[in-house]
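Trainee: The structure follows.
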Ligand SMILES: [Zn+2]
């Protein structure tokens, strides 16, 4: 289990590149976010996605595209897409992100996790023609549901910890994990011990689910 | 939502489900179990976060000059998006994913021998998934299987040499295990069982007849 390197996290949040990227839009999105969440210091990615979800903000979408589209192209090429089709898939996935934005819930998935899932679902749909079995969705939350900012931020941080852990693995281990999540390994070839510390983020998500269950129960009993 | 589930989906299966590489019959068991188990729902989301970390750290590939403008230009298009398939609701002991596999109708049971009935819900090159209905106190015909077998309890409980399995529990049996799951007394047991290879029953059906019985 790896521990959080606080210095590194703090440095990352204040790098000048991140700061200069889009002060205006981030400020705008922050204003939007403040309306519903009080002053939550969310990451840029989360603020973009919330602006897309709640305001259909194309400028925020452009920033999200600039960040994720080149990575998605790398991702689908690694996953075996012919170079000629890679950009069609990237286009398809990014448009799905725009159209399915109403399903984004920062309390349960950080932006990269959510986009990963949209990308996998699109690729599976294309390959298999029929979707794979999906779990029952959690029941829609109350209209006046106020996102738990602490939960959103904790999830962002835990996702950052996972990313750093991945970057610190030795190349062979990292390659195996990439293959596993790109869908290139069968279940019997995926080692139980992946080398990624999933325990903390899992407990954090579990707490969020428990809270949601309680809210739903309260709603039913009201 | 059962609080006492003690046999869960292992990480390797969950990672494979999240990545889309899990054979469909197993994916059905995972989706059904997650519908019953918040512990595994949290684990599924944790594996999606790991997938997100892989995406985030993936080497960037340069895009052609017009990709951005093509995508931005398509944002307002009213295309026929394949509508999100309306979720099939749970019915009785059958969670949504099972009802979806049954296309919304009640299971059509076929006799398997010994009072046990089955209903195939998915059959293909990747294996098969079936519902098993085992009368209280009765055993499932002894069988071994060429590959992995996942058995998820939807009603009642069963026990075999490896332990006891209650509603929501998943038994993971590999190719070597020859087991005789026996339903607990008191209530008929209904399970969702999936294999990635044809089942071989030892006593009830000669192997040569198996194709006819689709088991
Ligand atoms: Zn579970």
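The values are calculated or read from the model by the stated rules, or taken from the named source; none is laboratory data. All values derive from a computational prediction rather than experimental measurement. A quick note on method: Cβ atoms are made from the backbone with ideal geometry, for glycine too, and the neighbour counts reach across all protein chains shown.
Trainee: So, in segment A:190-208, how many residues would count as being in a helix (DSSP H, G or I) and either at pLDDT below 90 or crowded, with 17+ Cβ neighbours inside 10 Å (or both)? I'd like the intermediate steps shown before the answer.
Mentor: Initial filter on segment A:190-208 (in a helix (DSSP H, G or I)): A:199-208.
Checking the rest, the ones that are also either at pLDDT below 90 or crowded, with 17+ Cβ neighbours inside 10 Å (or both) come to A:200-202, A:204-206, A:208.
The qualifying residues number 7.
Trainee: Return yes or no: is residue B:163 more than 16 Å from the ligand (Cβ to nearest atom) and either within 14 Å of chain A (Cβ to nearest Cβ) or closer than 14 Å to residue B:8 by Cα (or both)? Steps first, please.
Mentor: Values: more than 16 Å from the ligand (Cβ to nearest atom): no; either within 14 Å of chain A (Cβ to nearest Cβ) or closer than 14 Å to residue B:8 by Cα (or both): yes.
In short, no.
Trainee: Can you pull out every residue in segment B:107-139 that is part of a loop (DSSP other than H, G, I, E, B), more than 17 Å from residue B:182 (Cα to Cα) and in contact with a strand residue (DSSP E or B) (Cβ under 8 Å, 6 or more places away or on another chain)? Lay out the reasoning, then the answer.
Mentor: The first filter runs over segment B:107-139 and keeps only residues part of a loop (DSSP other than H, G, I, E, B), leaving B:107-109, B:114-115, B:125-126, B:135-138.
Restricting the remaining residues to those that are more than 17 Å from residue B:182 (Cα to Cα) gives B:107-109, B:125-126.
B:107, B:108, B:109, listed by residue number.
Residue-wise test of (1) surrounded by fewer than 18 Cβ atoms within 10 Å (Cβ to Cβ); (2) within 11 Å of another protein chain (Cβ to nearest Cβ).
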position: B:49; (1), (2): no, yes
position: B:53; (1), (2): no, yes
position: B:90; (1), (2): yes, yes
position: B:115; (1), (2): yes, no
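Trainee: Can you pull out every residue in segment B:168-183 that is within 18 Å of the chain's Cα centre (by Cα) and assigned to a strand (DSSP E or B)?
Mentor: Result: B:170, B:171, B:172, B:173.
Trainee: Continuing with this model, one more query. Which number in (1) facing chain A (nearest Cβ under 7 Å); (2) assigned to a helix (DSSP H, G or I); (3) within 16 Å of the ligand (Cβ to nearest atom) marks the one condition that residue B:14 misses?
Mentor: So the condition that residue B:14 fails would be (1).
Trainee: Let me spell it out: the conditions are (1) farther than 17 Å from residue A:199 by Cα; (2) within 16 Å of the ligand (Cβ to nearest atom), and residue B:9 meets all of them except one. Which number is the exception?
Mentor: If we test residue B:9 against (1) farther than 17 Å from residue A:199 by Cα; (2) within 16 Å of the ligand (Cβ to nearest atom), just (1) comes out false.
Trainee: Give the residue that is surrounded by the most Cβ atoms within 10 Å (Cβ to Cβ), with candidates limited to residues of segment B:27-46 that are facing another protein chain (nearest Cβ under 7 Å) and more than 10 Å from the ligand (Cβ to nearest atom).
Mentor: Checking each candidate, the answer is B:46.
Trainee: Moving to a separate point now. Output the residues belonging to segment B:168-180 that are surrounded by fewer than 18 Cβ atoms within 10 Å (Cβ to Cβ) and at pLDDT 90 or above. Outline the logic, then answer.
Mentor: Within segment B:168-180, the first condition is being surrounded by fewer than 18 Cβ atoms within 10 Å (Cβ to Cβ), and the residues that meet it are B:172, B:174-178, B:180.
Result: B:172, single match.
Quick grid of which residues meet (1) in contact with a helix residue (DSSP H, G or I) (Cβ under 7 Å, 6 or more places away or on another chain); (2) farther than 24 Å from residue A:135 by Cβ:
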site: B:44; (1), (2): yes, no
site: B:55; (1), (2): yes, no
site: B:60; (1), (2): yes, yes
site: B:70; (1), (2): yes, yes
site: B:87; (1), (2): yes, no
site: B:100; (1), (2): no, no
site: B:123; (1), (2): no, no
site: B:126; (1), (2): yes, no
